[in-house]
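Trainee: Dropping a structure here in structure tokens format, bear with me for questions.
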Amino acid sequence: MRSARLWAALLGVEQAVVEDVEFDGEELLLIAHVRVPKGARLRCPRCGRRCARYDGGEGRRRWRALDLGTVRAVIEADAPRVSCAWHGVLVAAVPWARHGAGHTRAFDATVAWLAVHTAKSTVCDLMRIAWRTVGAIVARVWADTGELADRYDGLRRIGIDEISYKKGHRYLTVVVDHDTGRLVWAAPGKSAATLHAFFDLLGEQRAAAITHVSADGADWINAVVSRRCPQAVRCADPFHVVAWATEALDRVRRQVWNEASGRGAGRRHTATGEARKLKNTRWALWKNPDNLTDAQHAKLAWIAKTHPRLHRAWALKEGLRAVFTIARASPTAAVEALDKWIGWARRSRIDVFVDLQRRVMRHRDAIRAAIEHRLSNGPVESINAKIRLITRMAFGFHSPHALIAMAMLSLGGHRPQLPGR
């Protein structure tokens, strides 16, 4: 093998012509002087068309390449500008690096693979780059990877949810494929406009092919789904439906606690013994009865004797949860149990649960569909949990787009490959 070809293979720039290699002993840096092969010269970096030379640009420039052992390496070449009829004046494309990047493609691929598989500190220490640089590289790699495969092909059953990724009400809207468990799409925001952007990418023909959509019952999701794929069966996520009941129960608990402590009655607040007992009953009221400790069972028994309205609210919460337990064995029986629960909540004389049964009635068709089709947002919540881990790892990324790119590379079914593998 000729030495030029050997150096090109070692540096991961097989599409370059290596003219010379020198070693800077002071900086411990290997510099490979290369040129673009004749057939790839003076091409637009965006469309790949051959263009007229505009000028010499800013002269020669460097791209960081993969280290050779313990020595850093860079690629150095001319960087002329070209005039593209479609995209204007741009720096000419080079085959070993993406447009606007300061690293070779092999370097980018290695960093992306490490970011998906290893810890943050490992990537930065091994590759000798800043964490924000990792974010920019991951975004570049995903921009190319996402174009290689059609992520929306064959979508039939999807789950939609939002996840908080930063303080200050910063959210991502995510879409997951129920059949493959893949993260299909994510974007910053939590609104109808954000979700409309997904359906714009999907297109009318593919939107018409979607058969089921699971979500948490948010009005903005229902409005968009009803408009963009009205033929799809909408399924309300059972976990979120039970969470509505848990929130209603906690509101009743706070009402009872306020009454016991004298709040709202024009009296100065005093923490009575009864109020202190009520304050410590939250977990006994929230937890699955099968998982209660003896002390928590005793608290429930005390509530039943001293605060029957709160105990009735707890029973209503458990009754709604039992609907979805019954659904595992018999969807028909579960639908009947749901209708009985609605009547029970309507007659409960607990204003919070009367309001809740109205909400359940508004989403009854979607809840019934979730029971009959055995579809929940479980896979979406699993993806969200993994995104939260990625979010903690990605702390310090300059924009949510780098976080999304990392999530898509990790969970979208198209993980980056190490160069040469």
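Trainee: Would you mind finding the one in Thr70, Thr104 that is among the polar types (S, T, N, Q) and crowded, with 19+ Cβ neighbours inside 10 Å?
Mentor: Working: Thr70 fails: crowded, with 19+ Cβ neighbours inside 10 Å.
Within the list Thr70, Thr104, the selection yields Thr104.
Trainee: Could you check, for the range 229-242, whether at least one of its residues is in a helix (DSSP H, G or I), small (Gly, Ala, Ser) and either open to solvent by 20 Å² or more (accessible area, probe 1.4 Å) or at pLDDT 80 or above (or both)?
Mentor: First, pick out the residues of the range 229-242 that are in a helix (DSSP H, G or I): 238-242.
Next cut, small (Gly, Ala, Ser) only: none.
There is no residue in the range 229-242 that is in a helix (DSSP H, G or I), small (Gly, Ala, Ser) and either open to solvent by 20 Å² or more (accessible area, probe 1.4 Å) or at pLDDT 80 or above (or both).
Trainee: Moving to a separate point now. Do we find that Asp150 is modelled with pLDDT under 90 and under 30 Å from Asp216 (Cα atoms) in this structure?
Mentor: Details: modelled with pLDDT under 90: yes; under 30 Å from Asp216 (Cα atoms): yes.
Answer is yes for this residue.
Trainee: If you check Ala369, Ala329, Ala337, which single one turns out to be without any contact (Cβ under 8 Å) to a residue 60 or more places away in the chain and either crowded, with 16+ Cβ neighbours inside 10 Å or closer than 17 Å to Gly217 by Cβ (or both)? Write out each step before concluding.
Mentor: Values: Ala369 fails: without any contact (Cβ under 8 Å) to a residue 60 or more places away in the chain; Ala329 fails: either crowded, with 16+ Cβ neighbours inside 10 Å or closer than 17 Å to Gly217 by Cβ (or both).
Ala337 is the lone residue from the list that is without any contact (Cβ under 8 Å) to a residue 60 or more places away in the chain and either crowded, with 16+ Cβ neighbours inside 10 Å or closer than 17 Å to Gly217 by Cβ (or both).
Trainee: For the range 64-83, what are the residues that are touching an Asp or Glu at 6+ places or on another chain (Cβ under 7 Å) and either under 21 Å from Val111 (Cα atoms) or among the polar types (S, T, N, Q) (or both)?
Mentor: Ala73
Trainee: Further, regarding this structure: Under the condition of being of a type in the set (Phe, Trp, Tyr) and modelled with pLDDT of 95 or more, which residue from the range 314-351 is farthest from Ala366 (Cα to Cα)? Talk me through it step by step, then tell me what you get.
Mentor: Quick first cut of the range 314-351, residues of a type in the set (Phe, Trp, Tyr) only: 314, 324, 341, 344.
From what is left, the residues that are modelled with pLDDT of 95 or more are 341, 344.
Numbers: Trp341: 16, Trp344: 20 Å.
This residue is Trp344.
Trainee: Regarding Arg362, is this residue more than 10 Å from the chain's Cα centre (by Cα), within 19 Å of Leu320 (Cβ to Cβ), open to solvent by 40 Å² or more (accessible area, probe 1.4 Å) and free of Cβ contacts under 8 Å to residues at least 24 places away in the same chain? Outline the logic, then answer.
Mentor: On the way: more than 10 Å from the chain's Cα centre (by Cα): yes; within 19 Å of Leu320 (Cβ to Cβ): yes; open to solvent by 40 Å² or more (accessible area, probe 1.4 Å): yes; free of Cβ contacts under 8 Å to residues at least 24 places away in the same chain: yes.
Answer is yes for this residue.
Trainee: Oh, and also: What are the pairs with Cβ atoms under 9 angstrom where one residue, in the range 119-134, is free of Cβ contacts under 8 Å to residues at least 60 places away in the same chain and the other, located anywhere, is polar (S, T, N, Q) and loosely packed, with under 14 Cβ neighbours inside 10 Å? Sequence gap at least six, or different chains.
Mentor: Leu126/Thr118
Trainee: Still on this structure, please answer the following. Report, by residue number, each residue of the range 20-36 that is surrounded by 13 or more Cβ atoms within 10 Å (Cβ to Cβ) and more than 12 Å from Arg72 (Cβ to Cβ).
Mentor: Within the range 20-36, Val21, His33, Val34, Arg35, Val36 qualify.
The values are calculated or read from the model by the stated rules, or taken from the named source; none is laboratory data. A quick note: this is a predicted structure, and the numbers were derived from the prediction, not measured. With ideal geometry, Cβ positions are generated from the backbone for all residues, glycine too; neighbour counts draw on all protein chains shown. These accessible areas exclude ligands, DNA and RNA; they are computed on the full protein's heavy atoms, side chains included. Shrake-Rupley method; radii C 1.70, N 1.55, O 1.52, S 1.80 Å.
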